[in-house]
Amino acid sequence: MPRITLLKLLRYREWTEELGYDREWIIQSKQAKMYDLIQLLFSKKNGFAFPLRYDYFIALSNGIDEKTHYEILMEVDSAAPYGIKMVSLVHKYPAIAQLIASHVIREKPGKLVFFEGDEDNNVIVHIDFNDITSYTEMTSVFESYLKIQSLYYNISKYAFQLGGISTYLGGDNMLVILPEEKIDRFLENLPYYLKIGVGVSRVPRKALSLASKALTMIRKGVVRKNYLILRDENV
């Protein structure tokens, strides 16, 4: 069961509205800096973070104890316009973990709510949309962006039905975080024109590294199918 940590920027609407009308460039710049800091702090501890709406962030945080979570919170809190709140818990289904965390972060007092639990494997799926470059050359950059976003939405919706969550990485790449028991079902129902690398490890960054390695092996033709699962031999 992976550990999922949900971070919330506090008083987000109040902060944005007090910036005046010529504010969007400030908001986007500040959000990018917050993401950079959150990613850096969690990745240093072998975690991995990604934004949801940019007023919320999720981190895969296996192996990061309560004390370290608090240290991360304090550093991000000092950089956020009105501070942050953080909820961390373990659940076999990432989709349910974020659902529980979403309720807790609204209802339970305190800056950090940390639930103990038995941590298990992270399953990270790195998906690459085939030949998007040719499609872009035949159409346009924006049309290819629309196609990618449509694929991203459909895959994200399916992953969520299986208890997973997802994030768009940019370009033609996305990640899905799945329950381990749902790997085969997920792969069976994805389109043939996708390349899919799967990494499995207790350590989030290791799982992500394995997923990227698997994807690279597919791209180079080391394997002849469109997906590959690599597991951490040290687990």
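Values for this structure:
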quantity: Segment 60-87, residues that are under 18 Å from ASP120 (Cβ atoms) and without any contact (Cβ under 8 Å) to a residue 60 or more places away in the chain; calculated: ASP65
quantity: Residue that is modelled with the lowest pLDDT [pool: residues in segment 116-137 that are among the aliphatic types (A, V, I, L, M) and out of contact with any helix residue (DSSP H, G or I) (no Cβ under 6 Å at 6 or more places or on another chain)]; calculated: ILE127
quantity: Test: residue in segment 204-214 that is closer than 25 Å to ASN46 by Cβ and either in a loop (DSSP other than H, G, I, E, B) or at pLDDT below 95 (or both); calculated: no
quantity: Given (1) at pLDDT 95 or above; (2) assigned to a loop (DSSP other than H, G, I, E, B), number of the condition THR68 does not satisfy; calculated: (2)
quantity: Which listed residue is closer than 29 Å to TYR56 by Cα and of a type in the set (Ser, Thr, Tyr), from TYR135, TYR227, TYR193, TYR145; calculated: TYR145
quantity: Residues of segment 104-115 that turn out to be modelled with pLDDT of 95 or more and either over 26 Å from GLU75 (Cβ atoms) or exposed (fewer than 11 other Cβ atoms within 10 Å of the Cβ) (or both), as a count; calculated: 0
quantity: Enumeration of residues in segment 53-99 that are farther than 13 Å from ARG3 by Cα, under 15 Å from the mean Cα position of the chain (by Cα) and not aliphatic (A, V, I, L, M); calculated: ARG53, TYR54, ASP55, TYR56, PHE57
quantity: Breaking point among (1) in contact (Cβ under 8 Å) with a residue 12 or more places away in the chain; (2) part of a loop (DSSP other than H, G, I, E, B), for GLY221; calculated: (1)
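So that you can scan it fast, the table gives a plain yes or no per residue for (1) outside any loop (DSSP other than H, G, I, E, B); (2) touching a His at 6+ places or on another chain (Cβ under 7 Å); (3) surrounded by 17 or more Cβ atoms within 10 Å (Cβ to Cβ); (4) at pLDDT 95 or above:
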position	(1), (2), (3), (4)
LEU52	yes, no, no, no
ILE58	yes, no, yes, yes
GLY63	no, no, no, yes
LEU89	yes, no, yes, yes
LEU99	yes, no, no, yes
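A quick yes/no check of all residues on (1) without any contact (Cβ under 8 Å) to a residue 24 or more places away in the chain; (2) part of a helix (DSSP H, G or I); (3) crowded, with 18+ Cβ neighbours inside 10 Å; (4) under 20 Å from the mean Cα position of the chain (by Cα):
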residue	(1), (2), (3), (4)
ILE4	no, no, yes, yes
ARG13	yes, yes, no, no
ASP22	yes, no, no, no
ILE26	yes, yes, no, no
ALA32	yes, yes, no, yes
ASP36	yes, yes, no, yes
LEU41	no, yes, yes, yes
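The values are calculated or read from the model by the stated rules, or taken from the named source; none is laboratory data. Quantities reported herein were computed from a predicted structural model and do not represent experimental measurements. Reconstructed Cβ throughout: ideal geometry from the backbone, glycine too, with neighbour counts over all protein chains shown.
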